[in-house]
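A short worksheet on the structure shown next.
The values are calculated or read from the model by the stated rules, or taken from the named source; none is laboratory data. Because the structure is a prediction, the values reported are computed rather than measured. Neighbour counts run over all protein chains shown; Cβ positions are idealised from the backbone, glycine included. The accessibility values were calculated without ligands, DNA or RNA, using every heavy atom of the protein model including side chains. Shrake-Rupley method; radii C 1.70, N 1.55, O 1.52, S 1.80 Å.
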Amino acid sequence: MKKSILFVCLGNICRSPAAEGVMRHMAAKAGVSEMIEIDSAGTYSGHVGDLPDVRMRRAASQRGYELLHRARQIREEDFERFDMIIVMDDMNYETVHRLAPSRDEAAKIYRMREFFSRFPEWSYVPDPYYEGADGFELVLDMLEDACGNLLAKLTERE
Ligand code: 4NP
């Protein structure tokens, strides 16, 4: 059965478009691109229309991910369109939860940390926007870990 996933962060120019790119790449590699619809959005509107941050594009491209997403803001209709809405941190969770039109729709919200297998000391994906290059590498390490586990979960029942 086809699954649709929306990754959400604050600006939709660092963490969530990178998650989208990593997940697309992994799904393609596993031959299941047709089974999974993947998109990303931000809770904040300030970067709408922008490509991902150049630092994130550069770090992602070194690992083989091309990030071409244009930033957009999450909207209420996204709760109808997507099966899973996966947020990067607690602030994203609170904002997205407030937007959920019903209790059933709110049950579609997950935290990225639920899919970590390698980062027991982290309960969220940290915002790299005001960090140095290491921050972007850490985010990509976390996203690769979580997306790998998420993909395994989505494909095991098929
Ligand atoms: P993101 O990072 O939420 O991972 O896309 C940020 C990007 C921009 C801003 C904050 C976080 N900002 O404040 O403009």
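Compactness check for the stretch 1-150: Cα Rg over 2.2 N^0.38 Å is 0.95. Electrostatic tally near His69: other residues with Cβ closer than 13 Å to its Cβ, Lys and Arg +1, Asp and Glu -1, net 0.
Applied to the stretch 21-28, the Karplus parametrisation 6.51 cos²θ - 1.76 cosθ + 1.60 on θ = phi - 60° returns per-residue 3J(HN,Hα) values of x, 5, 5, 4, 4, 5, 5, 5 Hz, with x for Gly and Pro. Solvent exposure of the stretch 23-108, expressed per residue, is 56 Å² of accessible area, with all protein chains present and a 1.4 angstrom probe. Only protein atoms count toward the accessible area here, which uses a 1.4 Å probe; on the stretch 9-158, the carbon and sulfur part of that area reaches 46 percent.
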